[in-house]
Amino acid sequence: MIKIILANDHSLLLNGITQVLDKDAQHVQIVANARDFKELLLLLNKVEADILMTDDVMPHGTILAVIPIIKERYPHLKIIVSSMYESFNPISVEVKTFVQGWISYTATKEEFVKAIDIVYAGHTYL
């Protein structure tokens, strides 16, 4: 079972991703949700996960500030960034060095599951 923490400040997206994974990826378990970067950092101290799937823009910090902290504290944790951008933008180019996956919200449900499986297997999905 692949354990995932979902971090997204948009309830609709959080619920949608949860439903997709619950329905189409029975080998995936969502172990926790965070709605901002501050909550995410606190949650990571309490919950073990294999993958963090996080929005690139949330309250209480910036992804550029938070991702290096997460990788330093939890080097085993694989990170997939979900974004409204189809591909890397100038900010996300820096983020790319810290993450194993990047997926747009325009992706299909099959692509979300594929990204998780590829990243969990130790490969990148960028």
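Annotations
- Residues that are under 17 Å from Thr18 (Cβ atoms), assigned to a loop (DSSP other than H, G, I, E, B) and under 14 Å from the mean Cα position of the chain (by Cα), drawn from segment 41-61: Ala49, Asp50, Met58
The rows are residues; the columns are (1) farther than 24 Å from Ala65 by Cα; (2) hydrophobic (A, V, I, L, M, F, W, C); (3) under 13 Å from the mean Cα position of the chain (by Cα); (4) outside any loop (DSSP other than H, G, I, E, B).
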site: Asp9; (1), (2), (3), (4): no, no, yes, no
site: Thr18; (1), (2), (3), (4): yes, no, yes, yes
site: Ile30; (1), (2), (3), (4): yes, yes, yes, yes
site: Asn33; (1), (2), (3), (4): no, no, yes, yes
site: Glu39; (1), (2), (3), (4): no, no, no, yes
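- Failed condition for Lys46, given (1) in contact with a Phe, Trp or Tyr (Cβ under 8 Å, 6 or more places away or on another chain); (2) among the basic types (Lys, Arg); (3) exposed (fewer than 14 other Cβ atoms within 10 Å of the Cβ): (1)
- Of all residues in segment 49-88, those satisfying the criterion of being charged (D, E, K, R), under 15 Å from Phe112 (Cα atoms) and surrounded by 13 or more Cβ atoms within 10 Å (Cβ to Cβ) are Asp55, Lys78.
- Residues considered: Leu13, Leu64. Of these, the only one that is in a helix (DSSP H, G or I) and touching a helix residue (DSSP H, G or I) at 6+ places or on another chain (Cβ under 7 Å) is Leu64.
Bear in mind these aren't lab numbers, they're just calculated from the coordinates by the rules spelled out. No experiment lies behind these values; they were computed from the predicted model shown. All Cβ positions, glycine included, derive from the backbone under ideal geometry; neighbour counts span all protein chains shown.
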